[in-house]
Structures are given as C-alpha cells and as structure tokens.
Amino acid sequence: PPNVIVILIDDMGWKDLGTTGSTSHATPHLDALAARGAIFDQAYASAPNCAPTRACLMSGQYSPRHGVYTVGDSWGGDAARRRIVVPENRETLPGESVTIAEVLRDAGYATACIGKWNLGTARDPEHNPTGQGFDEFRHYRRMGFRDGYFDAPEAQGGRYSTDVLFDETIDFVRSRRDGPFFVFLAPDAVHTPLEAP
C-alpha cells in the first residue's frame, strides 16, 4: 500500500507555490515533493479558516455534519466586521466521527499527527489525535514550545517550529519505513506571525 503524507498549511493561497504558478515565492522543496507525489488541484477547502477545514479533511464530512463551523465561538472577531453569525459551533471533532486516521490505522497503517491539531485539546483523550485514530501525536508542547500556534525559536535553541515539525516528520517516516504509514503534518506557518529565518 502507498505511504501517505498530507501537509495542511494554514492560510496558504492556492497560487503560493512555484508548482502552482507563484513568481514571488521560492518553494523548491515543496515543488520537488509535488513533482514526485500527487497534486489535487481541484481540492478546495470546505471552510474559510483552519478548524473547520481540518474537521472536514479528517472526517470527510461538511460542517453541518460535524458541527465545526469556525474557530472558537460563533460570535468571534470584531463585531463591526462580522457579516454573518454561524450556527452554534463545536470546538472539537465529535468522537463518533470516523477519521481518515482511524480508517488507515485499521488497514494496518502507522499513523501520526505532527503539529497543529486544532480540533480538541491534547489533554482530552476523546478529542485529541490519539483518540481520533493517530498512533502518535507530536505536538508543540511535547517539543518544548511555549505556544503551540506561533513560532518560538528560543524554545528550541533558535530553531523555528516549522523546521522542528518537518524534522519530527522525517524521524517518524524513517522509523516506519518498513510498513505503510500515514502522516498528517500541520505546521503553523504561513499563519501569523510572519517570521522566518
């Protein structure tokens, strides 16, 4: 069976990679990975922000099914800029939702969620990645970062979280090279703050 690595990049535009036509960003490593893998150029996010996009990707369901419509509560953000209020919002993926990780794990895959989960807390066994089908969850706090959503270079001796997450992914892939694996890699970059070495 094929190995599967899904990289979900928060807030990246559809044309921000060289392979998709960007002339202002140099992305040679992702372009090379895309050339050797598969590009789903008609696979659109099912929501305008991170939590519902993750819930849809993980469950294969639209927001009305799993109940994750936005990040936080339905009334979030600046009231003067709010154009609509979404229905009552869940901040976790329902435990009864069958995830892609559960399906692949049951098919004999080693599974890992590396980086940003955003569908429940790490302390909640029903709603964290290991409660949703992942064998391993390599998250920011485990790696010494103070804040799981922002680059914190001083927490890793000057290393940025994106570099650490990709190194963790390489480590997982190397340790599972003899069998099929599924990795869901979710760095916080290019999400704010816009900092890079």
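Assuming R0 = 41 Å, what is the FRET efficiency of residue 62 and residue 36, from their Cβ-Cβ distance, to the nearest 0.05?
Efficiency for this residue pair is about 0.85.
At residue 83 and residue 6, where each label point lies 7 Å from the Cα along Cα→Cβ, what is the point-to-point distance in nanometres?
If labels sit at residue 83 and residue 6, their model points lie 2.8 nm apart.
Which chymotrypsin sites (Phe, Trp or Tyr not before Pro) in the range 1-107 pass both tests, a DSSP loop state and at most 16 other beta-carbon atoms within 10 Å?
Hits after loop and neighbour filter: 14, 40, 44, 62, 75.
If packing is taken as the mean number of other Cβ atoms within 10 Å per residue, what is the order of 127-136, 45-54, highest first?
127-136, 45-54
Among 2-13, 94-105, how do they line up by average Cβ neighbours within 10 Å per residue, starting with the highest?
Going from most to least packed, we get 94-105, 2-13.
Rounded to the nearest 0.05, what FRET efficiency is calculated for residue 103 and residue 24 with R0 set to 41 Å and r the Cβ-Cβ distance?
So the FRET efficiency works out to roughly 0.60.
Scan around residue 22 for amide H atoms under 5 Å from its own, H built in the peptide plane at 1.01 Å from N, and keep only partners 5 or more places away or cross-chain.
The answer is 17.
Quick check: pseudo-label points 7 Å beyond the Cα along Cα→Cβ at residue 45 and residue 91, how many nm apart are they?
In this crude label model, residue 45 to residue 91 measures out at 2.0 nm.
Hey, what do the phi angles of the range 15-27 turn into as Karplus ³J(HN,Hα) couplings, whole Hz, using 6.51/-1.76/1.60 and θ = phi - 60°, x for Gly and Pro?
Here the 3J(HN,Hα) series is 10, 8, 9, x, 5, 9, x, 5, 10, 10, 10, 8, 10 Hz.
Read the figures in this text as sums done on the coordinates, not as results from a lab. Treat the numbers as computed from the prediction; the structure is a model and nothing was measured. So basically every Cβ, Gly included, is an ideal-geometry build from the backbone, and we count neighbours across all protein chains shown.
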